[in-house]
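Encoded as structure tokens, the structure appears first; notes follow it.
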Amino acid sequence: MFLVTGATGGLGRRIVRVLREREMTVRTFVRLTSRYAELEHRGAEVFIGDLQRERDIRKACEGVQYVISAHGSNESSGGDAETIDYQANVELIEQAKAAGVQHFVFISVLGVDRGYEDAPVFKAKRAVEKYLQASGLNYTILRPSGFASNLLPLAERFRQSGIYVLIGDPWNRTSIVSTDDLARIAVDSVFVEEARNQIFAVGGPEILKREDIPRIFSHIFDREPFLINPPVLAIDGLRNAIGLFNPKLRSSLGTLRTLLANEFFCTSEEAARLESVFNLKLEPLEMFLRRYVSV
Ligand SMILES: NC(=O)c1ccc[n+]([C@@H]2O[C@H](COP(=O)([O-])OP(=O)(O)OC[C@H]3O[C@@H](n4cnc5c(N)ncnc54)[C@H](OP(=O)(O)O)[C@@H]3O)[C@@H](O)[C@H]2O)c1
């Protein structure tokens, strides 16, 4: 039995889809307030709980062989990296150990090892990676770049208006990963021998410049892009203003600023390693988008 956290998220629901297509048993850890009907329809077991509660994590781990940790601090969890990205994962690792789990897959983030001090999610994930490596559990750590599925709402907006907002340097490089490829890699991590106790950077097959994204939208929808390109400094202004009355949000905007101000891409060697270990052909961004958007 697999336990998947973050099963209602962009990645988690795809992981559950892969598992159920392979007719594997899966328990999904979801909040009562989440939209989890799709998971039930797919035949997944739904465990209602909150990752902020140790008791819930302990119960969810009972009888589980494999854990895929795919949750993350989002707006609905108050963007609290310390509690959700760090503490909940430490608890999950401890309870997985106690339950005799055979393999723990952790979704980290590309660039986590660069020491970004102002990015709470990066700091939390690096600390979890170290905790997991020292835990004695079999593990696979996946460090993905930005998810292609995150671009779907932007593609929809582009389809309607032609507008694309690109904050920061349009020449910064990125290698957007197909969220479906990542889901498959997460599942296969527990079965593929060469993935045991390994860390993988996970990106798409091509190194794009950020300005290539509206170009790809333009191909797909056959319309000229109207690019709005504020500098990263705009985020700084916003952060300072917000910080006056919401220090927590100010801190989580540090992660966003880090993502916007830096390059996150996989080298061709890293992409080749993924394709070889997981025996798949990574999907280019345009192909992913064309599968999901209506033209
Ligand atoms: N998105 C990216 O581009 C990207 C890039 C690199 C790495 N990652 C990492 O990949 C993972 C998945 O990302 P994603 O974009 O799929 O995430 P997402 O769509 O934001 O989903 C987050 C998930 O975590 C769950 N969650 C949050 N707080 C919880 C709590 N207290 N108890 C139970 N569940 C809780 C959410 O449940 P609700 O439905 O109840 O909110 C949701 O299912 C995360 O670890 C993220 O940091 C993402």
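Can you confirm whether residue 145 is hydroxyl-bearing (Ser, Thr, Tyr), closer than 17 Å to residue 259 by Cβ and under 22 Å from the mean Cα position of the chain (by Cα)? Judged against the criteria, residue 145 is a match. Checking every residue in the range 246-259 against the condition of being among the hydroxyl-bearing types (Ser, Thr, Tyr), crowded, with 20+ Cβ neighbours inside 10 Å and in a loop (DSSP other than H, G, I, E, B) gives zero matches. Looking across the range 22-55 at every residue that is of a type in the set (D, E, K, R) and within 16 Å of residue 2 (Cα to Cα), the one that is farthest from the ligand (Cβ to nearest atom) is identified as 23.
Close contacts from the range 18-38, counting a first residue that is without any contact (Cβ under 8 Å) to a residue 40 or more places away in the chain and more than 22 Å from residue 189 (Cβ to Cβ) and a second that is within 13 Å of the ligand (Cβ to nearest atom) and basic (Lys, Arg), with Cβ to Cβ under 7 Å and a gap of 6+ residues or different chains, come to 38/13. Of the strands (runs of 3 or more DSSP E) lying entirely inside the range 100-199, the ones with 3 or more residues being under 30 Å from residue 23 (Cα atoms) and within 12 Å of the ligand (Cβ to nearest atom) are found at 103-107, 139-144.
Results for (1) within 18 Å of residue 187 (Cα to Cα); (2) among the aliphatic types (A, V, I, L, M); (3) within 15 Å of the chain's Cα centre (by Cα), shown as yes or no for each residue.
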residue	(1), (2), (3)
62	no, no, no
73	no, no, yes
94	no, no, no
97	no, no, no
101	yes, yes, no
110	no, yes, yes
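A single entry from 235, 213, 228 fulfils the requirement of being exposed (fewer than 12 other Cβ atoms within 10 Å of the Cβ) and touching a residue at least 40 places away in the same chain (Cβ under 8 Å): 228.
What pairs come out if I take residues in the range 147-166 that are surrounded by 15 or more Cβ atoms within 10 Å (Cβ to Cβ) and pair them with residues that are assigned to a strand (DSSP E or B) and hydroxyl-bearing (Ser, Thr, Tyr) whose C-beta lies under 9 Å away, six or more apart or interchain? Close Cβ pairs satisfying both conditions: 154/164; 158/164.
Read-outs throughout are calculated quantities, based only on the coordinates presented, and are distinct from any laboratory measurement. Model, not experiment: these values are computed from the prediction. Neighbour counts run over all protein chains shown; Cβ positions are idealised from the backbone, glycine included.
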